[in-house]
Each structure stands twice: as C-alpha cells, then as structure tokens.
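A quick write-up on the structure given underneath.
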Amino acid sequence: MKSERLNSSQKAAVEAVGNPVLIFAGAGSGKTRVLTHKIAYLVTEKIVNPENILAVTFTNKAAKEMKERVRKLIKGKTSAVSIGTFHSICARLLRNEIHKLGYTRDFVIYDIQDQNALLKTILDGLDIPKTDISPAGAGQNISLFKNRMIPIKKAKSQARTVLDKRLAEIYEAYEKALKKNNAVDFDDLLLLPIQLFTKHPEVLTKYREQWKYVLVDEYQDTNRPQFLFIKTLAEKHKQICVVGDDDQSIYGWRGADIRNILDFEKAFPGCETYTLETNYRSTGEIIKAATTVVKNNLKRAEKELLAHNGEGEKLGLIETNDEGEEADAVVNALEKEIKLNKRPFNNFAVLYRTNAQSRALEDSFRRNGIPYNIIGGVRFYSRKEIKDIMAYLKLIVNRKDTVSLRRVINFPPRGIGSKTLDKCVAYAEKRKKDLFDILNDPEGMDIRGKQADALKDFHGVVTKYSELLEKLSAGELVRALAEDTGVVRHYKNGDLLDDRDRFENIMEFLSGVDEFMSRNPDAVIPEFLEEVSLLTDIDQWNDEENRVTLMTVHAAKGLEFPVVFLAGLEDGLFPMYQALEENDQLEEERRLFYVGLTRAEDKVYLLYAKNRRRYGGESFYGMVSRFIHEIPEDSLEKINFSSAVTRKLVTSKGKVRMELKRTVTIFDDFQVGDSVEHAIFGIGKIMALSGSGENQRVGVVFKGGLKKKLIVRFANLKKVIGPES
C-alpha cells in the first residue's frame with residue numbers, strides 16, 4: 001500500500017476483537033498490512049500479551065516480512081510473538097513434545113529426495129517393480145492420504161484395485177520405516193501435533209494457554225490438517241482472525257480446501273466478516289479483466305475490487321505461431337518496454353502454467369543476452385554435493401537415519417559397495433539392531449580387508465562428531481566434518497568438469513552455516529537442519545538482482561511486478577486438459593489465471609501459440625484459452641507479431657553445423673490514428689507508417705501542426721490513452 005494510513009474497511013477489521021474474525025482480502029488490498037496492524041493493535045491496546053499471540057502463514061518469505069513489519073510497529077517486542085509458517089511452528093512444537101509419541105527430540109525432517117530414497121528401498125524390499133509404481137508416484141499418493149487424513153487402516157479397507165492394495169501396503173511400510181529412522185516428512189509436521197492434541201490433552205491445554213490469540217494468513221490455502229490444527233487451538237477461546245481470498249485458492253491439487261474459508265462461520269459461529277475491496281497494486285484495466293474472468297466461478301464470495309491506481313493501459317494480446325516465436329515475442333515486447341519506459345530487468349516476470357515451458361523462453365533469453373532468474377530449477381540445498389554434506393549432518397544428529405546413512409556410507413568412495421551394504425542390512429535385521437550400530441562389527445558379518453576397515457572408519461567418524469555436537473560451535477563442527485570425511489578434498493582435487501563448481505558450492509554452504517549462526521548465536525546443528533529443510537524456492541529468490549524472473553503462476557503467488565507476461569494461454573495448457581471436464585478443477589484454473597493477472601502493477605501481456613511442441617516433441621494445434629475470451633474485449637489490445645527463421649551452415653573448429661536465427665518481421669505496437677507523446681514535441685497523432693519492428697518509421701502531426709518523421713527505435717514515443725486521444 002502506498003499510504004501508511006488504514007482505510008475504513010482495514011481499520012474496522014484491525015479493531016474487531018471479542019469474536020472470531022474473517023477478512024476477505026481481494027488481491028492487492030493490503031491483507032499483510034491489516035494482519036500486522038492487528039497484531040500491533042492487540043499488543044499496544046494490551047488486549048493480548050505478545051507472547052500469547054500466534055501468527056501463521058505459508059512461506060518463510062511471508063513470515064519474514066510479517067516479522068519485520070510487526071517489529072517496526074511495536075518497536076522491539078516482536079520476538080515474543082510467535083510468527084512463522086505452519087511447518088516451522090509445528091516443527092518447533094514437535095521438538096518439545098514429540099517424545100510423547102515415541103520419537104526422540106533429535107528427529108530429522110525428510111524432504112522429497114529423502115522420501116523418494118526411502119521409498120525406493122521399501123519398493124525393492126516388497127519386490128514391486130518401478131514400472132508398476134515409482135518412488136515419486138508412491139510418495140505423491142502417500143501425501144494425498146495424509147492430506148486427507150486417511151489412516152493406514154482406512155486406506156487398506158477402501159482399497160479396491162490391485163494398485164490401491166499395493167499403495168496401502170507401501171503406505172504402511174513407509175510409516176514404519178519413518179518411525180524406525182526417527183524421521184518425519186513434511187506432512188507429518190502438520191499431522192503429529194494433532195495426534196499430540198488428541199492423545200495428550202495436557203499438551204493441547206498448554207498451547208491453548210500459550211497462544212490465546214491466533215491469526216492465519218492465506219487462509220484459503222489451508223488443507224484439512226492445517227484447518228484442524230488451527231480449529232483445535234482456537235475453538236475454546238475463539239480469539240481467532242483469518243485473512244484470505246477465495247479467488248486466490250489455487251492449491252486444491254495438494255489438498256487445500258476452499259471450503260475452509262467459505263464455510264468459516266460454520267467452524268466459528270458468530271464470526272464477524274470484513275471485505276477489503278480497494279486494490280493498491282494494479283491498474284483499473286488489469287483489475288477489470290481479472291475480476292470479470294473470476295466472476296465466472298460459482299464457488300466464491302461476492303466482492304467487487306476497485307483500483308486505487310487509475311485506469312492504466314489495456315492488456316496486450318499477442319498471437320504467435322509456436323513456442324519459439326512466443327518466446328521471441330516476449331523478448332521483443334520486453335526490449336520495447338525497456339527502451340520506451342526505461343524499465344530495469346527486475347521489473348519483469350514471465351509466468352507460465354508448467355515448468356517445461358521455460359525451455360523455449362530460456363533459449364531466447366540466452367540468445368538475446370537478457371539476464372534472468374528461473375524459480376523452480378535445482379535449489380541450492382537440493383544439489384548433490386549439498387545433500388551429501390547435509391546427510392552427514394543428519395546422521396551425526398540422528399544415527400537411526402538410514403536414508404542419510406545409505407547416501408554417504410560410500411561417499412566419498414571408500415570401497416563399501418552394494419553387496420557389503422546388503423550384508424550389513426541383513427545382519428542388523430537378524431540382530432534386531434539399528435543399521436549404524438552394527439557397522440563396527442564387520443567380523444561378525446564376515447567382512448574382511450579394506451571393506452572392514454572402511455566400515456569401522458565410517459562408524460568412527462560419525463560417532464566422533466556425534467559426541468562433538470555439544471562441544472563445538474555449529475560452524476566449527478561443519479568445517480571439521482567436511483574435511484574429516486573427505487568431502488572437501490574429493491571435490492577440490494577432482495578432475496571432473498563440475499568438481500570446481502561443487503567445491504565452491506560446499507564453500508558457500510559453510511558460509512551459510514556461519515551466516516545462520518550470526519543470526520542465531522545460541523543455535524545448534526538440529527536447528528540449522530530444520531531451517532534448511534523448510535526452505536522453498538521463493539525463499540532463495542533475490543528480487544534485488546537486476547534480472548527478469550521466470551516462474552510458474554503457482555510460484556508467483558504473493559509476489560508483484562510492474563510488468564507481467566502470461567505465456568502459453570491455450571486450452572489444454574492453461575486451463576489444463578484434465579480441468580476442461582471437471583468444473584471444480586476448471587474453477588481452480590480460473591483462479592490461477594486471476595492470480596497471474598493480479599501479479600501485475602502496470603502492464604500485462606497475454607501470449608498464446610497456434611502450434612506448440614509437447615509430450616516428447618509432438619506438435620499440437622493450440623486453441624486460444626477460454627480465459628482470454630472471458631476478458632472484456634475493450635480491455636484487450638491486439639499486438640501483431642511474426643518472425644521468420646533463417647537457416648545457414650556455419651563452420652566451427654572444423655565441424656559444419658546448422659545455425660538457426662529468428663528475425664522479427666512484424667511487431668507494430670503503433671497504428672495509424674494512435675495518439676502518442678514525445679518528450680520534446682508533446683502530444684501528436686500518427687498519420688502514416690512504414691516498415692516494421694524496431695525500424696518502423698512513423699509520420700506524426702503534433703499539436704500546432706508540427707509534422708515529424710521519426711524512427712520508432714529512437715523516438716521513445718509513448719501511446720496516449722485517455723482524453724488526449
């Protein structure tokens with residue numbers, strides 16, 4: 001929001017206390033400001049003590065922003081307020097209470113890669129071939145079971161097909177393996193607190209006393225476990241405020257339930273409802289287009305967004321022949337924006353429905369020398385070398401963690417092959433011991449020579465650093481461990497092409513530990529591991545870098561950019577094919593489109609291709625997305641664009657190869673009759689056009705009868721929309 005003041009709707013929502021509060025906050029209407037001001041109001045008016053307030057959101061980035069805003073508002077008391085993501089708040093709770101469920105407090109959190117590694121071992125043990133069920137597929141199904149709170153017994157009883165029965169069997173084996181490894185996955189972070197509240201009422205009483213006022217951001221994205229966690233905490237004191245926008249509920253595919261916000265009054269009778277309808281982010285044309293589209297949904301609360309920032313420009317609509325031409329159209333429009341409006345690269349975001357669409361865009365950006373950041377690529381903490389050193393850390397914290405053990409027992413290579421590991425696993429099962437505990441008894445497994453020495457050395461290093469956990473600072477321990485295990489040496493002296501990069505990533509990781517410790521001087525390794533485990537792609541995105549941002553529309557939620565390109569707007573891609581015959585899914589796709597449009601502050605470009613290569617290279621004919629047809633025609637400005645591909649043979653280092661070059665043949669933003677503004681000559685009207693693209697020439701008659709012939713590329717003409725035209 002531009003103003004520090006609250007408008008009347010915001011002020012009323014902030015000052016509402018005594019009853020449950022539901023705030024419908026339209027896109028760009030200042031929901032974060034309302035939430036943070038409400039926290040400050042509760043504290044400064046002495047309604048609730050800071051330590052008795054819980055505020056939860058969905059991303060670390062949002063939580064960090066919330067903390068900073070609250071800190072400025074209540075000057076230093078923010079540390080007492082519990083502010084964090086659902087997962088981080090629940091992880092903190094579990095550190096204190098999980099021993100009541102049979103785990104130990106040094107449990108580890110498995111990410112998707114760890115989960116898949118464990119499932120691979122389980123599938124091998126059950127003799128289930130990957131062609132039947134992949135580890136990733138099994139993991140997705142287990143996550144759905146957990147999000148829907150379907151226990152193992154129910155999954156088994158509901159199983160009808162052979163596949164269903166297999167999945168229930170894998171689910172059961174997976175849960176047993178997690179418990180044995182003293183590990184939890186992301187879904188468990190939400191489920192286990194509910195188990196604690198149910199099985200140990202004294203724990204629930206404790207946290208109800210601790211958190212006497214609960215605030216929830218992005219409430220439309222809550223799934224059933226998150227809803228129950230919040231409801232269970234707040235249903236007694238009923239001091240709860242939730243903020244959200246049903247029109248931005250876009251995570252149904254991972255369990256989010258839009259009914260949580262639409263039916264809030266059923267869960268908390270007597271709630272007061274407030275609606276924030278002034279949009280402080282986008283122009284009137286963008287809001288008009290977005291609102292008109294989303295009104296086609298049946299499942300939504302009635303609201304009418306009003307733009308605070310004036311009407312602005314129409315939405316640009318560009319038709320292209322294929323994904324390559326689409327990418328070049330983005331580049332050309334972007335370059336025009338830079339030249340005409342003097343925008344830096346970080347003013348732009350290119351959004352798409354699926355990650356696979358980024359390939360053509362990246363190719364065009366690289367060819368044209370445009371710097372970009374892509375969200376959704378390989379995260380830093382997901383890189384192999386970082387996962388390796390993290391596995392060592394997890395293992396010294398929790399020696400029951402067989403996933404981490406399997407990952408590093410032979411890395412760097414120390415001669416412990418799969419046959420040796422199989423012997424160890426069989427011996428541990430026979431002796432009913434943890435896998436790690438039998439590694440120092442190679443003779444008992446009939447393992448001799450180098451393999452025996454390697455097992456003992458590995459066991460000794462892990463044991464040594466487990467004992468040093470409380471004696472060394474986190475920074476000292478990690479650096480010593482990286483050297484002692486040989487990980488640093490392996491990459492520093494390696495002769496593979498990417499070894500140098502991996503070595504530098506290890507050094508960056510060590511710096512990251514130091515940085516974490518400078519922020520948290522009293523922290524220990526398990527806390528560092530917990531923070532890293534809960535990071536997302538967006539948390540590592542630096543919006544201050546002068547680069548264009550490329551990401552999916554899902555990833556862009558909560559962000560804003562002056563100029564947004566929405567690419568791939570064809571039926572079957574956006575909306576996706578599977579949504580075309582299922583109304584609930586189609587409504588979610590429409591909400592996703594609404595989210596994409598409302599990320600933009602000043603300008604939106606919509607692009608679609610008549611042909612697009614998908615599914616292994618096969619070309620599909622593209623029908624323009626139905627969502628474009630739902631936008632009022634007078635809000636769209638069609639921009640003509642076409643290009644030609646030229647092929648030539650080039651010789652490089654004695655080899656002949658075909659080089660393809662795409663040349664823009666039409667990109668005529670300007671039409672005869674357009675009103676334009678020139679920095680020196682003022683307002684005028686285009687009377688003639690010749691040429692195309694950046695070399696297009698225009699004849700303009702300015703006020704007073706002054707006639708000028710100008711080259712678009714150098715003239716810096718701006719279209720004038722409004723009374724002047």
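The values are calculated or read from the model by the stated rules, or taken from the named source; none is laboratory data. Quick caveat: nothing in here was measured; it's all calculated off a predicted structure. Here the Cβ positions follow ideal geometry from the backbone for every residue, glycine too, while neighbour counts run over all protein chains shown. Quick note on the areas: whole protein, heavy atoms, side chains included, nothing else; ligands and nucleic acids left out. Shrake-Rupley method; radii C 1.70, N 1.55, O 1.52, S 1.80 Å.
Just to compare against my own numbers: the Cα pair-distance distribution for the chain, 20 Å bins, whole % per bin, please.
The percentages, shortest bin first, are 15, 43, 34, 9, 1, 0.
Quick one: dipole size for the chain, taken about the Cα centre, charges +1 on Lys/Arg Cβ and -1 on Asp/Glu Cβ, in debye to the nearest 20.
Dipole size: approximately 480 debye.
State in Å² the accessible area per residue of the chain; use a 1.4 Å probe, count heavy atoms of protein chains only, and round to the nearest integer.
Per residue, the chain has an accessible area of 46 Å².
Using modelled backbone amide H atoms (1.01 Å from N, in-plane), which distant-in-sequence or interchain residues come within less than 5 Å of Thr552's amide H?
Tyr352
Obtain the nm distance between the two label points defined at Lys64 and Lys433 by a simple spin-label model: each point lies 7 Å from its Cα along the Cα-to-C-beta direction.
Distance between the two pseudo-spin positions: 4.5 nm.
If you wrap region 383-530's Cα atoms in a convex hull and average its projection over all directions, what's the area in nm²?
9.0
Would you calculate the volume per residue, in Å³, of the smallest convex hull containing every Cα atom of region 394-436?
So the per-residue Cα hull volume is 64 Å³.
Under a plain spin-label model, where a point goes 7 Å from the Cα along Cα-to-Cβ, how far apart in nm are Glu311 and Thr273?
3.4
Of the accessible area of the chain, with the probe set at 1.4 angstrom, what percent is carbon plus sulfur?
49
Measuring from label point to label point, each 7 Å out along Cα→Cβ, what is the Ser382 to Leu163 span in nm?
Between Ser382 and Leu163, the label points sit 2.4 nm apart.
Using mean Cβ contacts within 10 Å as the protection proxy, how do 564-570, 677-683 order, highest first?
564-570, 677-683
Could you give the alpha-carbon Rg of region 18-72 over 2.2 N^0.38 Å, rounded to two decimals?
Working: Rg = 11.6 Å, N = 55, 2.2 N^0.38 = 10.1 Å.
Rg over 2.2 N^0.38 Å, computed on Cα atoms: 1.15.
To check my understanding: the extent here is largest minus smallest coordinate of the Cα atoms along each principal axis. What are those three numbers for region 125-266, in Å, largest first?
Over region 125-266, Cα extents along the principal axes are 52, 38, 24 Å.
log10 I(q)/I(0), Debye, Cα-only region 105-145, no solvent, q = 0.20, 0.31 Å⁻¹?
-0.60, -1.08
Efficiency by 1/(1 + (r/R0)^6): what FRET value for Glu51 and Asn640, r their Cβ-Cβ distance, R0 = 56 Å, to the nearest 0.05?
My answer for the efficiency is 0.35.
Show me, for region 162-175, the HN-Hα J-couplings you get by feeding each phi into the Karplus relation (A = 6.51, B = -1.76, C = 1.60, θ = phi - 60°), rounded to Hz, glycine and proline as x.
4, 5, 4, 5, 4, 5, 5, 5, 5, 4, 5, 5, 5, 5
When all alpha-carbon pairs of region 8-48 are counted, what percent fall beyond 12 Å?
It works out to 58 percent of all Cα pairs.
Sum -39500 (n - 2.57) across every DSSP H segment of at least 4 residues in the chain, then divide by the residue count to get the 222 nm mean residue ellipticity, nearest 500.
Using -39500 (n - 2.57) per qualifying helix, the result is -13000 deg cm²/dmol.
Mind checking the full-extension length gain between Asn493 and Lys610? Use 0.36 nm per residue of separation minus the Cα-Cα distance, one decimal, nm.
Details: separation 117, 0.36 × 117 = 42.12 nm, distance 5.11 nm.
Using 0.36 nm per residue and subtracting the Cα-Cα distance, I get 37.0 nm.
Nearest 0.05, what FRET efficiency do Ala426 and Ala136 give at R0 = 30 Å with Cβ-Cβ as r?
With R0 = 30 Å, the Cβ-Cβ based efficiency is 0.65.
How much length is gained on full extension from Val624 to Val701, taking 0.36 nm per residue of separation minus their Cα-Cα distance?
Result for the pair: 24.0 nm of gain on full extension.
Work out from phi, with θ = phi - 60° and the Karplus expression 6.51 cos²θ - 1.76 cosθ + 1.60, the ³J(HN,Hα) of each residue of region 591-602, listed in order in whole Hz, and give x for Gly and Pro.
Going residue by residue, I get 5, 5, 4, 4, 4, x, 4, 7, 7, 8, 8, 10 Hz, with x marking Gly and Pro.
Can you compute the FRET efficiency between Val17 and His99 using 1/(1 + (r/R0)^6), with r the Cβ-Cβ distance and R0 = 30 Å? Round to the nearest 0.05. Numbers along the way, then the final one.
Values: r = 37 Å, r/R0 = 1.22.
Given R0 = 30 Å and the Cβ-Cβ separation, E is 0.25.
Could you list the residues of region 176-212 with an amide nitrogen less than 20 Å from a label point located 7 Å from the Cα of Val524 in the Cα-to-C-beta direction?
Of the residues in region 176-212, 181-184 have backbone N under 20 Å from the label point off Val524.
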